[in-house]
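Q: The structure under discussion is supplied below as structure tokens; questions concerning it will follow.
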Amino acid sequence: LGDPGRNLSMKSFGLFVQDDFRATRRLTLNLGLRYDVTRPIKDSKDQLANYVPSQGVEQVGFGISEPYKTNWTNFSPRVGVAFDVFGTGKTILRAGFGMIYVQPAIRTFAFSGGGLNLNPSALIPGGKGTMTSFLVNPGNNNETDLIDWSTNPVQGSIFPINNPTLASCSADSPCNIFGVDQNLKTPYVLNWNVNLQHEILPGTLLQIAYVANASRNLYSTIDLNQPNQALSKQCVDTAGGYADADLTACEIAARPLTNCTVGGGTPCYPYIGYLNFLGNKSTSAYESLQVTLTHRYSHGLYLLGGYTWGHAIDVAGTTNNLASSFIPQNSLDYGAEKGNGDYDIRHRFTLSATYDLPGRKSWGQMLEGWQLTSILQWQTGPPVLLFDDFTDLSLTGEGTNASNERWNIQGDPSNLKWSAKAPIPFLDASDPICQSVATTAALQESLGIAGGCYAQNGTILYPQAVGTFGNMGRNIFRGPGFLNWDASVSKIWHLSERVGLQVRGETFNVANHSNFASSSIGNDLTTPDSFGRAGATPDVQASNPVIGSGGSRHIQLGAKIIW
């Protein structure tokens with residue numbers, strides 16, 4: 001309902017000063033300082049609003065002057081050092097440090113929470129504004145609640161309707177709200193590195209580097225209106241148990257902004273369903289050892305080899321495409337989302353080489369102009385998030401809201417192995433292995449609801465008790481690694497002094513090694529037929545078959561004129 005058109009803008013500016021100078025014959029310094037300011041998101045007609053705990057949802061220009069405050073102190077230093085250790089020019093020590101503020105994007109604020117931010121207060125009882133255009137994401141999105149277009153042609157119109165009386169947010173039909181901390185900080189990243197480069201042979205360099213970064217005040221989203229589990233459980237038990245209760249009704253009644261008793265006497269706003277609130281709770285860190293061997297082109301050979309050991313840790317990560325859209329399993333315990341970063345590649349090795357074969361004069365230039373090239377890539381698999389997207393055992397509704405509710409685990413997560421042929425074994429609830437971990441009546445109940453448990457190599461995944469959260473960490477499962485070798489052979493004929501003909505034969509994935517995409521692995525705990533099973537190659541998963549990396553062996557021939 002309403003006119004979805006918005007004229008949004010974010011104004012920003014940056015200033016910097018820098019100086020590079022040679023302190024001594026062997027020491028060079030690079031110094032800099034940058035200053036950045038980004039003003040809050042703005043709509044040309046002030047058709048934005050934000051959630052204020054003491055006031056509810058307030059429209060910009062009425063209850064509040066802007067959605068959040070401007071950060072005026074974003075100064076970031078940069079320092080670089082290069083030192084000729086022995087004064088010979090063959091051994092160089094370098095170090096660098098930089099503090100970089102994130103440039104906020106309109107997308108961070110305009111498309112979070114499933115609707116066009118920030119929800120206009122014309123929909124809210126007592127709203128300050130008089131707007132007649134809006135876009136809302138009602139809390140009840142079940143299939144049974146969908147409008148019958150044939151019998152409701154006016155209310156169900158897909159065209160803009162500038163009539164706020166046709167929709168409202170109320171206790172009977174709460175709306176999902178996206179809000180922003182009014183004291184929102186600008187996220188920043190600290191980067192630093194130290195590396196030593198040494199010429200071990202003429203034209204051959206070995207570099208060993210420590211490279212790291214740490215991010216602070218990263219955007220995070222929590223549900224400020226997460227249902228109180230104790231009250232949800234009481235409602236479920238009163239209704240006769242999980243199977244007989246109206247889970248949605250129990251969760252709505254247990255929301256702090258709906259039930260003042262739960263909220264500790266704070267103002268209540270029963271027209272709010274999910275209240276996805278943007279703040280700065282997320283952090284990340286990365287450390288790595290990087291070794292690089294470079295042989296500059298000489299005697300027909302060019303060689304570049306690199307190995308990286310790295311470890312990325314973050315809180316919440318980038319699940320669901322944007323870090324700011326990730327809702328934690330438990331909004332009251334955001335720190336529990338700390339785990340391996342979504343792109344945590346522990347080991348990576350690359351080797352590329354080009355070699356011009358020695359030639360000699362011959363008939364038709366057949367013994368000259370030949371070149372061989374090869375690229376080898378190998379890396380270990382990234383983490384995969386395992387979640388329950390359906391059952392809602394926590395009685396918060398958060399799992400079905402953001403695909404992040406997790407079960408319990410007993411045993412070493414590394415015992416769980418992905419496969420291209422078969423999923424991780426799912427055992428019936430009556431199986432002795434499942435029974436061995438369901439040691440209480442509450443765990444027996446949830447085991448019956450889920451229908452069983454997963455077990456592999458001594459590690460068991462089993463559903464947590466109703467009204468609780470599981471102990472399974474985020475990103476504990478490892479997906480498939482990547483191994484690929486590409487090679488080519490080329491021959492050039494010199495047709496004249498300035499014109500040549502090159503013919504190439506190129507093979508991608510020479511060994512025809514099977515690679516699978518981590519993102520194609522079944523990771524929903526409620527899908528036993530596909531859980532832990534990889535189903536697509538990386539090129540197909542990325543909608544870039546054949547041309548993308550990770551596909552089966554492909555051979556191509558080509559020719560080009562060089563002049």
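Q: Do we find a residue being touching a His at 6+ places or on another chain (Cβ under 9 Å), open to solvent by less than 70 Å² (accessible area, probe 1.4 Å) and either among the aliphatic types (A, V, I, L, M) or not in a strand (DSSP E or B) (or both) anywhere in region 522-531?
A: Checked against the condition, which is being touching a His at 6+ places or on another chain (Cβ under 9 Å), open to solvent by less than 70 Å² (accessible area, probe 1.4 Å) and either among the aliphatic types (A, V, I, L, M) or not in a strand (DSSP E or B) (or both), region 522-531 yields no hits at all.
Q: Additional query: Would you mention how many residues in region 358-394 are assigned to a loop (DSSP other than H, G, I, E, B) and in contact (Cβ under 8 Å) with a residue 12 or more places away in the chain?
A: Residues in region 358-394 being assigned to a loop (DSSP other than H, G, I, E, B) and in contact (Cβ under 8 Å) with a residue 12 or more places away in the chain: 13 in total.
Q: Still on this structure, I have one more. Any idea which residue in region 21-44 is surrounded by the most Cβ atoms within 10 Å (Cβ to Cβ), counting only those that are without any contact (Cβ under 8 Å) to a residue 60 or more places away in the chain and within 13 Å of L8 (Cα to Cα)?
A: P40
Q: Suppose the filter is acidic (D, E) and touching a helix residue (DSSP H, G or I) at 6+ places or on another chain (Cβ under 8 Å); does D246 pass it?
A: no
Q: Considering P160, P174, which residue is over 24 Å from the mean Cα position of the chain (by Cα) and either at pLDDT 95 or above or open to solvent by 70 Å² or more (accessible area, probe 1.4 Å) (or both)?
A: Sole residue among the options that is over 24 Å from the mean Cα position of the chain (by Cα) and either at pLDDT 95 or above or open to solvent by 70 Å² or more (accessible area, probe 1.4 Å) (or both): P160.
Q: Here's a check for you: in region 358-374, which residue that is open to solvent by 70 Å² or more (accessible area, probe 1.4 Å) and either hydroxyl-bearing (S, T, Y) or in contact with a strand residue (DSSP E or B) (Cβ under 8 Å, 6 or more places away or on another chain) (or both) is nearest to Q290 (Cα to Cα)?
A: L372
Q: Identify, by number, the condition in (1) loosely packed, with under 15 Cβ neighbours inside 10 Å; (2) under 24 Å from the mean Cα position of the chain (by Cα) that P413 doesn't meet.
A: Failing condition for P413: (1).
Q: Read through the list (1) outside any loop (DSSP other than H, G, I, E, B); (2) surrounded by fewer than 17 Cβ atoms within 10 Å (Cβ to Cβ); (3) of a type in the set (G, A, S), then give the number of the only condition that A511 fails.
A: (1)
Q: For A487, indicate whether it is small (G, A, S), at pLDDT 95 or above and open to solvent by 20 Å² or more (accessible area, probe 1.4 Å).
A: Spelling it out, A487 is indeed small (G, A, S), at pLDDT 95 or above and open to solvent by 20 Å² or more (accessible area, probe 1.4 Å).
Q: Across region 375-407, what is the total count of residues that are at pLDDT 95 or above, open to solvent by 40 Å² or more (accessible area, probe 1.4 Å) and closer than 21 Å to K338 by Cα?
A: Matching residues across region 375-407 total 0.
Q: Filter region 196-206 for residues that are out of contact with any His (no Cβ under 6 Å at 6 or more places or on another chain) and open to solvent by 50 Å² or more (accessible area, probe 1.4 Å); which is nearest to F109 (Cα to Cα)?
A: If we take residues in region 196-206 being out of contact with any His (no Cβ under 6 Å at 6 or more places or on another chain) and open to solvent by 50 Å² or more (accessible area, probe 1.4 Å), then L196 is nearest to F109 (Cα to Cα).
Q: Condition check: among the polar types (S, T, N, Q), open to solvent by less than 80 Å² (accessible area, probe 1.4 Å) and in a strand (DSSP E or B). Does N71 satisfy that?
A: For N71, the condition - among the polar types (S, T, N, Q), open to solvent by less than 80 Å² (accessible area, probe 1.4 Å) and in a strand (DSSP E or B) - is not met.
Q: Let me ask something else. Aliphatic (A, V, I, L, M) and either under 24 Å from T380 (Cβ atoms) or open to solvent by less than 30 Å² (accessible area, probe 1.4 Å) (or both): which single residue out of V540, V503 fits that description?
A: Only one candidate passes the filter, namely V540.
Q: Looking only at strands (runs of 3 or more DSSP E) that lie completely in region 1-56, which have at least 3 residues being out of contact with any Pro (no Cβ under 6 Å at 6 or more places or on another chain) and not hydroxyl-bearing (S, T, Y)?
A: Output list reads 12-22, 27-38.
Q: If you scan region 421-452, which residues turn out to be touching a residue at least 40 places away in the same chain (Cβ under 8 Å), out of contact with any strand residue (DSSP E or B) (no Cβ under 7 Å at 6 or more places or on another chain) and among the aliphatic types (A, V, I, L, M)?
A: Of everything in region 421-452, those that are touching a residue at least 40 places away in the same chain (Cβ under 8 Å), out of contact with any strand residue (DSSP E or B) (no Cβ under 7 Å at 6 or more places or on another chain) and among the aliphatic types (A, V, I, L, M) turn out to be I449, A450.
Q: Follow-up. Could you list, in sequence order, the residues of region 430-459 that are among the β-branched types (V, I, T) and under 25 Å from Q229 (Cα atoms)?
A: Hits for region 430-459 are V437, T439, T440, I449.
Q: Next question. Given the structure, is E251 part of a strand (DSSP E or B) and either free of Cβ contacts under 8 Å to residues at least 24 places away in the same chain or of a type in the set (D, E) (or both)?
A: The answer is no for E251.
To keep it simple, each residue is scored yes or no on (1) out of contact with any Cys (no Cβ under 7 Å at 6 or more places or on another chain); (2) in a strand (DSSP E or B); (3) at pLDDT 90 or above; (4) more than 30 Å from G339 (Cα to Cα).
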site: G241; (1), (2), (3), (4): yes, no, yes, yes
site: D244; (1), (2), (3), (4): yes, no, yes, yes
site: R255; (1), (2), (3), (4): yes, no, yes, no
site: V262; (1), (2), (3), (4): yes, no, no, yes
site: C268; (1), (2), (3), (4): no, no, no, yes
site: K281; (1), (2), (3), (4): yes, yes, yes, no
site: H295; (1), (2), (3), (4): yes, yes, yes, yes
site: I313; (1), (2), (3), (4): yes, yes, yes, no
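Q: Give just the number: which of (1) under 14 Å from F109 (Cα atoms); (2) surrounded by 14 or more Cβ atoms within 10 Å (Cβ to Cβ) does V60 not satisfy?
A: Here V60 clears every test but (1).
Q: P187 fails exactly one of the following numbered conditions: (1) at pLDDT 75 or above; (2) open to solvent by 40 Å² or more (accessible area, probe 1.4 Å). What is the number of that condition?
A: Among (1) at pLDDT 75 or above; (2) open to solvent by 40 Å² or more (accessible area, probe 1.4 Å), P187 violates only (2).
Q: A further question on this structure: If we keep just the residues of region 208-239 that are part of a loop (DSSP other than H, G, I, E, B) and of a type outside the set (S, T, N, Q), which is least open to solvent (accessible area, probe 1.4 Å)?
A: For region 208-239, the residue satisfying everything is P227.
Q: Another question, then. Restricting to region 326-357, and then to whatever is assigned to a strand (DSSP E or B) and either modelled with pLDDT under 95 or farther than 30 Å from V489 by Cα (or both), can you tell me which residue is least open to solvent (accessible area, probe 1.4 Å)?
A: So, considering only residues that are assigned to a strand (DSSP E or B) and either modelled with pLDDT under 95 or farther than 30 Å from V489 by Cα (or both), the one least open to solvent (accessible area, probe 1.4 Å) is G339.
The values are calculated or read from the model by the stated rules, or taken from the named source; none is laboratory data. Quick caveat: nothing in here was measured; it's all calculated off a predicted structure. In this analysis, Cβ positions are derived from the backbone assuming ideal geometry, glycine residues included, and neighbour counts consider all displayed protein chains. The accessibility values were calculated without ligands, DNA or RNA, using every heavy atom of the protein model including side chains. Shrake-Rupley method; radii C 1.70, N 1.55, O 1.52, S 1.80 Å.
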